[in-house]
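What follows is a single structure, written as structure tokens, with notes after it.
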Amino acid sequence: MEDLEEENFSLSVSSPKDAEFDNVVGHLEDIIMDDEFQLLQHGFMDKHYHEFEDTEENKLTYTTIFNEYIGLVEKYIEEQLLQRIPAFDMSAFTSSLQCHREEIAGDIFDILLTFTDFLAFKEMFLDYKAEKEGRTVDLGCGLVVTSLMSSSISSS
């Protein structure tokens, strides 16, 4: 008779706080991927990207744009989360972010970071500006595939 290998499956039990956090992140993913959010964010960036320059100096207008962005985008996300999770508390969620930093997908964390980190916000605008002005790197451009096999095999 064949020996059957036994597999141990362990059930991961998370705390109610962790489950709540995971629930919020799931909803955040849905909100951020939604066309309405994408239009809101890109519309805002289209309106202001020309103001940003890739220099060490930060213009005073950046602060105004940053505050307007927070007022618009963070408010939108918070309203969407409150519709989905009536007891949602943005400040409690924001404070728990650092504990769960490694668990959050990059795109979501980057967007959340733009609410609190001015440099992340500025970098987002500079990347957007480079894309709009066609200054992004196209890694597929100029690649050539060459066969390592000789096209003609000589017979002896």
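Would you be able to say whether some residue in segment 97-112 is at pLDDT below 90, β-branched (Val, Ile, Thr), assigned to a helix (DSSP H, G or I) and more than 27 Å from Arg135 (Cα to Cα)? Break it down stepwise before answering.
Keep residues of segment 97-112 that are at pLDDT below 90, which gives 97-112.
Restricting the remaining residues to those that are β-branched (Val, Ile, Thr) gives 104, 108, 111.
Within this subset, residues satisfying the condition of being assigned to a helix (DSSP H, G or I) are 108, 111.
Those left that are additionally more than 27 Å from Arg135 (Cα to Cα): none.
No, segment 97-112 contains no residue that is at pLDDT below 90, β-branched (Val, Ile, Thr), assigned to a helix (DSSP H, G or I) and more than 27 Å from Arg135 (Cα to Cα).
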Next item on the list: Would you check if there is a residue in segment 127-148 being under 12 Å from the mean Cα position of the chain (by Cα), at negative phi, modelled with pLDDT of 90 or more and in a helix (DSSP H, G or I)?
Entry: no
Item checked: Pairs with Cβ under 6 Å, 6+ apart, first in segment 112-134 and under 23 Å from Tyr76 (Cα atoms), second assigned to a helix (DSSP H, G or I) and among the β-branched types (Val, Ile, Thr) -> Phe115/Ile70; Ala120/Thr114; Phe121/Thr114; Met124/Thr114
Check: Any chance segment 62-70 includes a residue that's closer than 16 Å to Thr114 by Cα, outside any helix (DSSP H, G or I) and either of a type in the set (Gly, Ala, Ser) or touching a residue at least 12 places away in the same chain (Cβ under 8 Å) (or both)?
Finding: no
Item checked: Residue check, Glu79 crowded, with 16+ Cβ neighbours inside 10 Å and at pLDDT 75 or above -> no
Check: closer than 21 Å to Lys132 by Cα and touching a residue at least 12 places away in the same chain (Cβ under 8 Å), is that true of Phe44?
Finding: yes
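The values are calculated or read from the model by the stated rules, or taken from the named source; none is laboratory data. As the structure is a computational prediction, the values presented were derived from the model and not from experiment. Here Cβ is always computed from backbone atoms with ideal geometry, including for glycine, and neighbour counts include all displayed protein chains.
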